[in-house]
Amino acid sequence: MSLVRRALPEDAEEVLRLRQVMIDSMADADHSTDWHAKSLPGLRARLGEPDGDFAAFVVDHPERPGALAALVAGTVDYRIGKAGDPFGTVGFVFSVATDPGTRRRGYARACMDTLLEWFRERGAGRVHLTASAEAAPLYADLGFLPKPDPLMELKL
């Protein structure tokens, strides 16, 4: 039996806690948590849409009932097709986090395997993610390759 399960609306606070663990691990991170209260209702709603374009997969914490040990979240997005990807369905991985007390147990890998299968079931021909230096070996082992990043951003 797999330890990985789909996150449910009642997991939303723990999902945000693990997302904050990931955010706090990044250089120049904003460690504030004021945004959690505003984010929580939308996250609960998304976690309650099993057929939507968003999914989060988790592992329950083995020593703390009600807590999560690991989280992987992702979305499926449509882009106009192109050579090598005529259907234009792209997966995007984000919020990969493991509780500091449960690292090196394979939880993140198990969650990633489940998310990648979820992408395949939805017809994703490509999967994108942004990797930290610490996580890059896991992603490389799963077959991800580095690409030049021409990403630009406009905040509205």
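The values are calculated or read from the model by the stated rules, or taken from the named source; none is laboratory data. Here the structure is a predicted model, which is why all the values come from computation and not from measurement. For neighbour counting, all protein chains shown are included, and Cβ atoms are generated from backbone atoms with ideal geometry for every residue, glycine included. For accessibility, only protein heavy atoms count, side chains too; no ligands or nucleic acids. Shrake-Rupley method; radii C 1.70, N 1.55, O 1.52, S 1.80 Å.
Quick rundown of the values:
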{"read-out": "Mean separation of Cα contacts under 8 Å, 6 or more apart, over the residue count of region 11-71: relative contact order %", "value": "32 percent"}
{"read-out": "The chain - accessible surface per residue (Å², probe 1.4 Å)", "value": "64 Å²"}
{"read-out": "Mean Cα-pair separation over length for the chain, i.e. relative contact order, pairs under 8 Å, 6 or more apart, %", "value": "21 percent"}
{"read-out": "Cα lying deepest toward the dipole's positive end in the chain, options Met152, Ser39, Gly66, charges on Cβ", "value": "Met152"}
{"read-out": "Separation in nanometres of the label points that stand 7 Å from Cα toward Cβ, at Phe94 and Glu117", "value": "2.5 nm"}
{"read-out": "Packing-based order for 23-32, 54-63, using average beta carbon neighbours within 10 Å, highest first", "value": "54-63, 23-32"}
{"read-out": "Carbon + sulfur, % of accessible area of the chain - ligands and nucleic acids excluded, 1.4 Å", "value": "57 percent"}
{"read-out": "DSSP H segments from the chain that extend 24 Å or more along their own axis, Cα-based, with Kyte-Doolittle mean of 0.5 or above", "value": "none"}
{"read-out": "Calculated over region 25-65: convex hull of Cα atoms, volume per residue (Å³)", "value": "147 Å³"}
{"read-out": "Against the rule of thumb 2.2 N^0.38 Å, how large the Cα Rg of the chain comes out", "value": "1.05"}
{"read-out": "Leu116 accessible area, 1.4 Å probe, all protein chains in place, Å² to nearest 10", "value": "20 Å²"}
